[in-house]
2 protein chains.
Amino acid sequence: MKIIEQPLKSNWSNLVRRPIIKEEKLDNAVRQIMLDVKQKGDLAIFQYNAKFDGVNLDRLIVSPKEIEAAILTIPNQLKAAIEVARKNITAFHQSQHIVEPIVETTKGVKCWRKSVAIESVGLYIPAGTAPLFSTVLMLGIPAKIAGCKKIVLCTPVSKSGKVPASILYTAQLIGVDIIYKMGGAQAIAGLTYGTESIQKVDKIFGPGNQFVAKAKEFAQQAGIAIDLPAGPSELLIIADQTAVPEFVAADLLSQAEHGVDSQVILLSNDKVMIEKVLAEVVKQLVDLPRQAIAKLALENSKVIFFSTLEDCVLFSNTYAPEHLILAATQTENLVDKITNAGSVFIGNYSCESAGDYASGTNHTLPTNGFAKTYSGVSLDSFVKKITFQELSKEGIKNIGEAIEVMATEEKLYGHKNAVTLRLNNLEDEENK
Amino acid sequence: MKIIEQPLKSNWSNLVRRPIIKEEKLDNAVRQIMLDVKQKGDLAIFQYNAKFDGVNLDRLIVSPKEIEAAILTIPNQLKAAIEVARKNITAFHQSQHIVEPIVETTKGVKCWRKSVAIESVGLYIPAGTAPLFSTVLMLGIPAKIAGCKKIVLCTPVSKSGKVPASILYTAQLIGVDIIYKMGGAQAIAGLTYGTESIQKVDKIFGPGNQFVAKAKEFAQQAGIAIDLPAGPSELLIIADQTAVPEFVAADLLSQAEHGVDSQVILLSNDKVMIEKVLAEVVKQLVDLPRQAIAKLALENSKVIFFSTLEDCVLFSNTYAPEHLILAATQTENLVDKITNAGSVFIGNYSCESAGDYASGTNHTLPTNGFAKTYSGVSLDSFVKKITFQELSKEGIKNIGEAIEVMATEEKLYGHKNAVTLRLNNLEDEENK
């Protein structure tokens, strides 16, 4: 890990730059998959499952028997852990349900918003090297709280044709309606267009490799909503002299083990702290099972010394990290200055893995600088807010003239007329 | 307007279909404009302004003098009307600012969300046949309430090189920072990439023709957020026997005058009402200045008779209209059944133009069926919600084991280790 000292602001735009993915080949490959699934339906899904995952299935939908069998294999310790996470994620996402007030903007003019669930949602759960059942919780729980009527899940299967037991267990626990055995771009295509056995959904959620991410882009162009644009996972840590070097090193490594494209950044106003953290990284790396991945990720990572914590936060805001850890004891001033981040972990005991699994916050977050404009997944992601308005006779009399004048200025006389007719009608009524 | 009687549900998917836009030519043309602006900056903007709007400018930014001069031309009656709208739009969008609670999901584990303004936003204001200054209010007011630091606006100019006075007046009233003289795809390109005189923004808002809509799609692919995917404007009215035929006809026409691609749908459970409304449409059309446009729009519109109001609402939910008017007196039951709509207007005195201008709700709404998944523009559109979490020593002790177990199941041992080190450290501390 290379240490950069007090970079000039003019150089920050280079330092916050994410790796650029060459997309043309990917674009064509995924476009073809989308088209095939649209035209050939199930047949195309089976074929791509065979081609990419080496699995030959005779049906896509997981049977109740498979689910029952999976449940029996889950150890009690794992069930208890999932229950802790389920409870906390439910509590936090439940708190995001807010009934908004009816606002009488002018006497007789009532306006309000109501959250209404998106009817059908599709959750994509990756299962490459490991089954990411935690993502089932993160997407399924808010979908259920929102009241989505149809929650379907898709996940790639191993050559044995089986979905990992922890995914099946978690899915039935939170009430997923259908589980499809399919992964990759073909799964997203299936949810986008529907097939003989797959129901088309209104919105697609979930992480995935670059094929999945590209397919979600195409899904969006086809009119299906998606949760977030994609990018590699990221962690930025701001550590001052009160940080604990071994904790900071462990947090950096927990991010680095995600994938070789993981982005890891350490900022500090304390050179001794930087040295201690780097020494700890070397020490801890030795015992990490995924050290080969972590090492490659660390090669792209950056350590930057700034003379003040304010500059650290300013740089972090410019970078807009997915995860931001404030490894410090006095954090109040810093927290107020954060303007761009997906999720912020405050103090020495708030490790990123807490939020990844069990504290209650969502782990589906904006990457790639999108934290400047996008929020992470929340209850909001599973609803739309419909506005309502009800004008009484008094209401239209109070604002009618303003509408007439504005519509006239915009030369939309039909708009004006809709008001004029009502005002005249009310005048007639009064003169009766 | 053709009347359809009690269509079978199997035919609904045909009836709710929107017009399909052939995109390939558009795609290439807009791609070229985006590329030119990216490479040549201001020069390309000036060239496209000359080519498409027939205007030769020597600077893109509106000067303070131009704004001062414009303000002097605004009649007091228009100023007063704008003030009514400004007050109501402010009140409704202000009410959307909600400070969310801190949730202690487990003892020692605090989670919360904070709304933080998107730093810089660009507002696109069309000004073809008429200056849409109302859209300046609808986008600018929530941007200002949210606390966006930089609010820029762009709008096409007439051959005289002038921005319509009502747009300049409204922009200064709500505190827009910079106004650029540019429209079309080149304007969106300018906001996406930035040029010598144009500042790149984080998110682009506003309606526009198909060039603008396509350019916003490209902007999104380039990493700039946008408000909503685009489509022609729509109105669906559900009218029962208590509706007022002349009001319903006026509302249909107010939508039809928007453009030849406007979508207008009337549903009713009363055949006499349908006949009366259609007779009124013919009568009112005669006096409408934009009758040529409205006539063409009406040719594509649909009138559907259902035997029950419940079926009307069910069909409306399938269509997912941008605007939905419930032209009836007893509406409570119907309101509860609405699941897909952008904005709903309840009762005989809530005309769409009220929401278009002055009631307080936003008029930037999801079209083209996107109301199934997207909300209209609101305060939410100008912020992102950052999650925060703070775990005390007690907090990590309470949920630490759950995290360890789950991380182990997902084979992410670095994630586990970040917790284990902290738990061990706390145990050492206690044993001291």
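The values are calculated or read from the model by the stated rules, or taken from the named source; none is laboratory data. Bear in mind the structure is a predicted one, so any value in this text is a computation, not a measurement. A quick note on method: Cβ atoms are made from the backbone with ideal geometry, for glycine too, and the neighbour counts reach across all protein chains shown. The area values use the complete protein model at the heavy-atom level, side chains included, leaving out ligands, DNA and RNA. Shrake-Rupley method; radii C 1.70, N 1.55, O 1.52, S 1.80 Å.
Miscellaneous remarks
- Considering the stretch B:271-282, and only residues there that are touching a helix residue (DSSP H, G or I) at 6+ places or on another chain (Cβ under 7 Å) and within 18 Å of B:A297 (Cα to Cα), the residue that is surrounded by the fewest Cβ atoms within 10 Å (Cβ to Cβ) turns out to be B:E280.
- Only residues that are of a type outside the set (G, A, S), open to solvent by 10 Å² or more (accessible area, probe 1.4 Å) and within 26 Å of B:K385 (Cβ to Cβ) were counted across the stretch A:380-417, and they come to 4.
- Candidate set: the stretch A:368-388, residues that are within 21 Å of A:F92 (Cβ to Cβ) and assigned to a loop (DSSP other than H, G, I, E, B); chosen: the one nearest to the other protein chains (Cβ to nearest Cβ): A:S375
- Qualifying position, being assigned by TED's automatic domain parsing to the domain that holds B:I338 and more than 28 Å from B:T331 (Cα to Cα), among B:E280, B:E275, B:E299, B:E310: B:E299
- Residues of the stretch B:101-112 that turn out to be in contact (Cβ under 8 Å) with a residue 12 or more places away in the chain, touching a strand residue (DSSP E or B) at 6+ places or on another chain (Cβ under 6 Å) and open to solvent by 20 Å² or more (accessible area, probe 1.4 Å), as a count: 2
- Given (1) more than 7 Å from every other protein chain (Cβ to nearest Cβ); (2) open to solvent by less than 10 Å² (accessible area, probe 1.4 Å); (3) over 30 Å from B:V419 (Cα atoms), number of the condition B:T361 does not satisfy: (1)
- Filter result for the condition that a residue is aliphatic (A, V, I, L, M) and in contact with a strand residue (DSSP E or B) (Cβ under 9 Å, 6 or more places away or on another chain), over A:I265, A:I293: A:I265
- Scanning the stretch B:287-301 for residues being under 25 Å from B:Y349 (Cβ atoms) and more than 10 Å from chain A (Cβ to nearest Cβ) gives a total of 3.
Table: residues versus (1) open to solvent by 10 Å² or more (accessible area, probe 1.4 Å); (2) more than 12 Å from chain A (Cβ to nearest Cβ); (3) closer than 17 Å to B:L266 by Cβ; (4) touching a helix residue (DSSP H, G or I) at 6+ places or on another chain (Cβ under 7 Å).
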site: B:C312; (1), (2), (3), (4): no, yes, yes, no
site: B:T329; (1), (2), (3), (4): yes, no, no, no
site: B:A341; (1), (2), (3), (4): no, no, yes, yes
site: B:A354; (1), (2), (3), (4): no, no, no, yes
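- Residue count for the stretch B:125-175, restricted to those that are farther than 19 Å from B:H97 by Cα, among the basic types (K, R) and touching a Ser or Thr at 6+ places or on another chain (Cβ under 7 Å): 1
- When A:S307 is tested against the conditions (1) open to solvent by 40 Å² or more (accessible area, probe 1.4 Å); (2) outside any loop (DSSP other than H, G, I, E, B), the lone failure is (2).
- Check on A:K276, within 29 Å of A:I141 (Cβ to Cβ) and in a helix (DSSP H, G or I): no
- First in the stretch B:303-325 and on the phi > 0 side of the Ramachandran plot and touching a residue at least 24 places away in the same chain (Cβ under 8 Å), second anywhere and open to solvent by 10 Å² or more (accessible area, probe 1.4 Å) and among the small types (G, A, S), Cβ under 6 Å, 6 or more apart: B:A320/B:G369
- Single residue of the stretch B:203-250 satisfying the filter (of a type in the set (F, W, Y) and not assigned by TED's automatic domain parsing to the domain that holds B:Q284) that is nearest to B:C351 (Cα to Cα): B:F205
- Here B:N348, B:N333 are screened, and the one residue that is open to solvent by 10 Å² or more (accessible area, probe 1.4 Å), within 30 Å of A:N424 (Cα to Cα) and in a helix (DSSP H, G or I) is B:N333.
- Screening the stretch B:165-270 for helices (runs of 4 or more DSSP H) wholly inside it with 1 or more residues that are within 21 Å of A:N417 (Cβ to Cβ), without any contact (Cβ under 8 Å) to a residue 40 or more places away in the chain and open to solvent by 20 Å² or more (accessible area, probe 1.4 Å) returns the ranges B:245-256.
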